[in-house]
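*Asks:* Below: one structure in structure tokens.
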Amino acid sequence: MASMIGSKVERKEDKKFLTGKGRYTADINLHNQLHAVFIRSPHARAKIKGIDTSKAKKAAGVVDVLTGKDMQDDKIGGLIAGWKIVSKDGTDMKCPAHPPLATDSVNYVGDHIALVVAETLQEAKDAADLVKVDYKVLKAVASTAEAMNSDVIHEGIEKNLCFDWELGDKAKTDEAFSSAEKVVEMDILNNRLVPNAMEPRASIGDYNSSSEELTLYTTSQNPHLSRLVMSAFNAVHPEHKFRVIAPDVGGGFGSKIYPYSEDVIMAWAAKRLQRPVKWVCERTESFLSDCHGRDHITKCSVALKNDGTVTGLKVDTIANLGGYASLFATVTPTYLYGPLVLGLYNIPTAYCNVKAVYTNTAPVDAYRGAGRPEATYLIERIMDKAAKELGMDRAEFRKKNFIKQFPHQQCLVHNIDSGDYDAHFDKALNLADYSGFEKRKAESAAKGKLRGIGFSTYIEACGIAPSAAVMSLGAGVGLWESAEIRFNPTGNISVFTGTHSHGQSHDTTFAQIVADKLGVPMENIELVHGDTDKGPFGMGTYGSRSLAVGGTAIAKACDKIVEKGKAVAANMLEAKADEIEFKDGEFIVPNTNKKKTIGEIAFACYLPGTYGEIKSPLPEGMEPGLKETAFYDPVNFSFPAGSHICEVEVDPTTGETKVDTYTCVDDFGNLINPMIVEGQIHGGLAQGIGQALYENAYYDETGQLVTASYMDYCMPRADNFPEFRIDYTCTPATSNPLGVKGCGEAGAIASPPAVMNAVVDAIGTEVTMPATAEKVWKALKEKSKSAKKAA
Amino acid sequence: MKQFNFHEAKSVKEAVKAASKNSAFLSGGQTLIPSMKLRLSSFSDVINVKNIKDLQGIKVSGKSVKIGAATKHAEVASSKDVKKAIPALAALAGGIGDMQVRNKGTLGGSIANNDPSACYPSACIALNAVIHTSNRKIDAEKFFKGMFETALKKDELVTAVEFTIPEKSAYIKIPNPASRYALVGVFLAKYKKETICAVTGAQPVVFRSKEIEKALNNNFDPNSLNDLNLKSNEMNADIHASAEYRASLVVTAAQKAVINCK
Ligand SMILES: Cc1cc2nc3c(=O)[nH]c(=O)nc-3n(C[C@H](O)[C@H](O)[C@H](O)COP(=O)(O)OP(=O)(O)OC[C@H]3O[C@@H](n4cnc5c(N)ncnc54)[C@H](O)[C@@H]3O)c2cc1C
């Protein structure tokens, strides 16, 4: 049988998605269901003096109008930050109370105040206009840079500072800088982004008063964890009587990893009102209330020798958390960020300081790449600047500082198991025809265009798990993954995973692993995920972890199946278990014609008849059935790396940047399905190029989100991109038996600096993300003004 | 969306009769429906006009192209007659929104709405259009009054727009990167005696740039605009473009229009 692993198998899920048969939360309608709409704060910061729901409660079709007071009465807990960060002075991070429905204050536009529940959506909306909220509007804190010098938003949290965290050896790094032959400094701005999943969030609570079971249908990347948090912290319902179902989910990019206020509220409201309650987010509501991404201001510097050796790195970052600390908000700008600022370079010492601040903006949390794009952006931008200031070729300068030997213990946290950075960079330089760049630049110049080239050689820490590692870094729980392989008596297989697919094509990739491992055709394998009542507890999908951790758990469960199968086959074929060979779905006694297919074994395991002459196929004492569970907790993260090269052409008359070519050579370790990997790269690149050139969540000084619709928030379109040139190198990961590293975030991590380095190379002056046409036009104007002055 | 009465008008007369203070004509619905869904507007009566026979069709006579108000952008874009008579007008229609929008949105709806960044108003001005309504004819110069404001009365229906055929013309749109409406759009029409340069997107309402017209009437060459600095104090400013940038884009777009004039 041809190996499935490594082949471009067509996606099993395409048929339903391409024919409109996906079943998303909004598609689900339950008998007797009510509809809910939220009253949200129009102000960025205000005290709530009173909420008058009396008129709305009397409106046609209205069943109830619920407020924070009702939640308090029912003792529903607030939302939590799940990862404890300790400040450099030894104090714990400071997190404000975060009630699902505000009780006395609101802290961003879109913050939740009340819920109108009615028989129809129309009636709920009409009644929502009748709810009167009496606000005392306060001056908003909207600026990341100014947050520490502004009014205190949450009582007792001085300077609006959640934590002041550090990583690395400060004294040693200071020493590297004082003995440096050259120091290059840079200010970096990482713009704020709205995740913009194609499917807006939605949830439906459904309470069964007979069984006292509560079901929540929701748009989650992580249903098990959502249930755990809602049971343990929000006290919505005990875990064993609480079922969370995340059916088809149309993208998350991190913004759906954790339960939101709306999830807690729908679950609680359904229980309180004893009827199903449904809420579906509208697009502008989604702009306002989904957690945003990035939003860092950074000062960084590198210490250098004149020969181009980097001898130290210093990073000082202010990270905006928004109005509250969301579930993964505190780990994103710390442990997912700080260790990665070293990039893939051999830097002997570094120091990273991060101050996380509250502002009156939507909460900021993990977004595709989470911390690693921010780290990659700063190191790749400053490496470019350093090369230019040293007068070195930017490619040569990078290569000089690459880590060359593996495993490599970095000076901050990570121990990188494998890689070959010259290999992917050389391949990318070749593919991008770096040597022909000057010629292309001259051709562009002849057309009146400015051409630039930019590199981004990156590394990321993926396969987010190692319990020991993450807990030593402050995680509230360990991270691992589960799988269950359940053979059905007729020989087909249900595979349960604790990860969740919402665009990652797990149905196909994971089935390929099982098909190879067990020799069963793809069509006989069904992946089951997204329902806490079906599979074992798991940790969901984010941090490019599903394959490296979840896929490995599946492979391990397959191994256990084979092991049991061998024992059964040996018994049936009258051989010894350790003699039996398993290949292409058959258990064989070598050098004989004796064999059993895995289907026959499954059947025998479930129907082990024994009577009189008929001997049981199972060895004595063996339990019937063919079902195995495995939990996998890897020994280390995985470290995908790669080289991205972008060429842009800028029209100086309008400032418009066109991405002319984009080349990437990535090392994701072994690839299970190269077509799916390519799709993941495309999506990541679209988001990364979007961040570099188009996207920006912009709050004005009063804390209003100006870019709250697609009329103002610029999403990249297909015609903004060239045909991507994609290739790979491979150094298998040693931290998991599949040798895979993860590919889901690479595009978004690597591309912003590649694009920005190209833009800056083209125009010869600095510009911040997004490099919109007007910004570039202005930068060019400034440049020619100062050139004129100098002349 | 709030509740309303729906009327399917079969004739101009019926549509006008159904109109009231609190009604709206519905054509392609590309602007009206979203604003109703977002509850930014609501009406007691919505009168569908897009199936009225008299509002359909494209007619080319010697001097003009007359297009029915309910004609969709996609129809204008693909019309052989329009492409031959005024290629820039077909190109303008083909550059509006996306395929879905072009298959729904109509000429009448566009000009009645008079969005400051809509494309058609610039064509109306540059092509000396006459707007035919249910009870009169209005010169384009007098039709576009201000931001989202036209000379139309509440119960007055646009029935057709008659464009004059120029010697050559071009439309250059510099799109707003987010919405892809015109950040700045320049419709340039060259006639025997004069050149008209109509600009959309840059000010609250479409206008003629007399400075550009003067320079091009002098010498119809992109380089004659090289040193032209338009005053930015009357230009729109928003998060997508400052007034100064818009002023510069108008000149850049006009230069490209001269080069593309066909
Ligand atoms: C995503 C998107 C992108 C777009 N991009 C562009 C663009 O790039 N350039 C551009 O120019 N436009 C653009 N548009 C606007 C679009 O081209 C439509 O022309 C516009 O929305 C209005 O036309 P409609 O036929 O849909 O009118 P409707 O939405 O039906 O009506 C609009 C208004 O006109 C009134 N009205 C309609 N017909 C008549 C009539 N015959 N007489 C009197 N009043 C009438 C209605 O009562 C309403 O007030 C875009 C729209 C969308 C949704």
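Where a number appears in this text, it was derived from the coordinates with a stated rule and is not lab data. Quantities reported herein were computed from a predicted structural model and do not represent experimental measurements. Virtual Cβ from ideal backbone geometry, glycine too; neighbours counted across all protein chains shown.
*Asks:* Calculate the dipole size of the protein assembly as shown relative to its Cα centre from +1 charges on Lys and Arg beta carbons and -1 charges on Asp and Glu beta carbons; express the result in debye to the nearest 20.
*Replies:* It works out to roughly 3940 debye.
*Asks:* By DSSP, what percent of the beta bridges with both residues in the stretch A:183-262 are antiparallel, rounded to the nearest 5?
*Replies:* Percentage antiparallel, nearest 5: 60.
*Asks:* Arrange B:Lys256, B:Lys72 by Cβ neighbour counts within 10 Å, fewest through most, would you?
*Replies:* Ascending number of Cβ neighbours within 10 Å: B:Lys256, B:Lys72.
*Asks:* Ok, one more. Just tell me which lysines come within less than 23 Å, Cα to Cα, of A:Lys789; anything on the same chain fewer than 8 places away is out.
*Replies:* A:Lys775, A:Lys778, A:Lys781
*Asks:* Taking +1 at the Cβ of each Lys and Arg and -1 at the Cβ of each Asp and Glu, which of A:Thr772, A:Phe287, A:Leu304 sits farthest along the dipole of chain A towards its positive end, judged by Cα position relative to the Cα centre?
*Replies:* Working it through, the farthest residue towards the positive pole turns out to be A:Thr772.
*Asks:* Between A:Lys49 and A:Glu701, what length comes free when the chain is fully extended (0.36 nm per residue of separation minus the Cα-Cα distance, one decimal in nm)?
*Replies:* Separation in residues times 0.36 nm, less the Cα-Cα distance, equals 232.4 nm.
*Asks:* Separate question: Go through A:781-791, A:603-613 and give me the packing order, highest mean Cβ count within 10 Å leading.
*Replies:* Averaged packing, sorted descending, gives the order A:603-613, A:781-791.
*Asks:* Here's something else I'd like to know. Using the structure shown, select from A:Lys564/A:Lys596; A:Lys172/A:Lys400; A:Lys182/A:Lys385 the pairs with a Cα to Cα distance greater than 18 angstrom.
*Replies:* Too far apart for the 18 Å limit: A:Lys172/A:Lys400.
*Asks:* Using the scaling law 2.2 N^0.38 Å as the reference, what is the normalised Cα Rg of the protein assembly as shown?
*Replies:* Against the compact-globule rule of thumb, the ratio is 1.03.
*Asks:* Right, something else. Would you mind finding the longest exposed-site-free stretch of chain B, with exposed GluC sites (Glu not before Pro) meaning DSSP loop and at most 15 other Cβ atoms within 10 Å?
*Replies:* Longest gap between qualifying sites, sites excluded: B:1-166.
*Asks:* Can you run phi through the Karplus equation (6.51, -1.76, 1.60; θ = phi - 60°) for the stretch A:394-403 and list ³J(HN,Hα) in whole Hz, with x for Gly and Pro?
*Replies:* Karplus-based 3J(HN,Hα) across the stretch A:394-403 equals 5, 6, 4, 4, 4, 4, 4, 9, 4, 5 Hz.
*Asks:* Given H placed 1.01 Å from N in the peptide plane, which residues other than close sequence neighbours of A:Met4 have an amide H under 5 Å from its amide H?
*Replies:* Result for A:Met4 returns A:Asp516.
*Asks:* Moving to a separate point now. May I ask for the net charge around A:Gly419, where only other residues with Cβ less than 15 Å from the Cβ of A:Gly419 are counted and Lys, Arg are +1 while Asp, Glu are -1?
*Replies:* Result for the neighbourhood of A:Gly419: -2.
*Asks:* Ok, one more. Among the aspartates and glutamates, which fall within straight-line cross-link reach of B:Lys262, defined as a Cα-Cα distance under 12 Å, with same-chain neighbours fewer than 8 residues apart omitted?
*Replies:* Candidates past the 8-residue exclusion: B:Glu167.
*Asks:* Show me the GluC sites (Glu not before Pro) within the stretch A:618-696 that DSSP assigns to loop and that have at most 13 other Cβ atoms within 10 Å of their Cβ.
*Replies:* Answer by residue number: A:Glu620.
*Asks:* Per DSSP H run of at least 4 residues, take -39500 (n - 2.57); add these up for the protein assembly as shown, divide by its residues and hand me the 222 nm value, nearest 500 deg cm²/dmol.
*Replies:* The helix contribution divided over the protein assembly as shown gives -8500 deg cm²/dmol.
*Asks:* Next up: Quantify how strongly other chains surround peptide B:169-181 by giving the mean number of their Cβ atoms within 10 Å of each of its Cβ atoms.
*Replies:* For peptide B:169-181, the averaged partner shielding equals 3.
*Asks:* Please give every one of the lysines within straight-line cross-link reach of A:Lys404, meaning a C-alpha to C-alpha distance under 21 Å, and leave out same-chain neighbours fewer than 8 residues apart.
*Replies:* The reachable lysines, counting only those whose Cα sits under 21 Å from A:Lys404, are A:Lys305, A:Lys427, A:Lys741.
*Asks:* Moving on to the next point. A:Asp433 versus A:Glu579, label points 7 Å from Cα toward the beta carbon: distance in nm?
*Replies:* Calculated label separation equals 6.4 nm.
*Asks:* What ranking of A:Val706, A:Val63 emerges when the number of other C-beta atoms within 10 Å of each C-beta is taken as an exposure proxy, fewest first?
*Replies:* A:Val706, A:Val63
*Asks:* Sticking with this one: List A:Leu321, A:Leu626, A:Leu228 from most exposed to least, where exposure is judged by having the fewest other Cβ atoms within 10 Å.
*Replies:* A:Leu228, A:Leu626, A:Leu321
*Asks:* Just how far, in whole angstrom, is the stretch A:470-548 from the stretch A:363-387 if you go by their alpha carbon centroids?
*Replies:* Measuring centre to centre over Cα atoms gives 30 Å.
*Asks:* Find how many whole Å separate the alpha carbon centroid of the stretch A:77-150 from the alpha carbon centroid of the stretch B:36-59.
*Replies:* Result: 41 Å between the Cα centres.
*Asks:* Then there's this: Listed here are the pairs B:Lys13/B:Lys53; A:Lys256/A:Lys627; A:Lys314/A:Lys355; which of them are more than 23 Å apart at the Cα?
*Replies:* A:Lys256/A:Lys627
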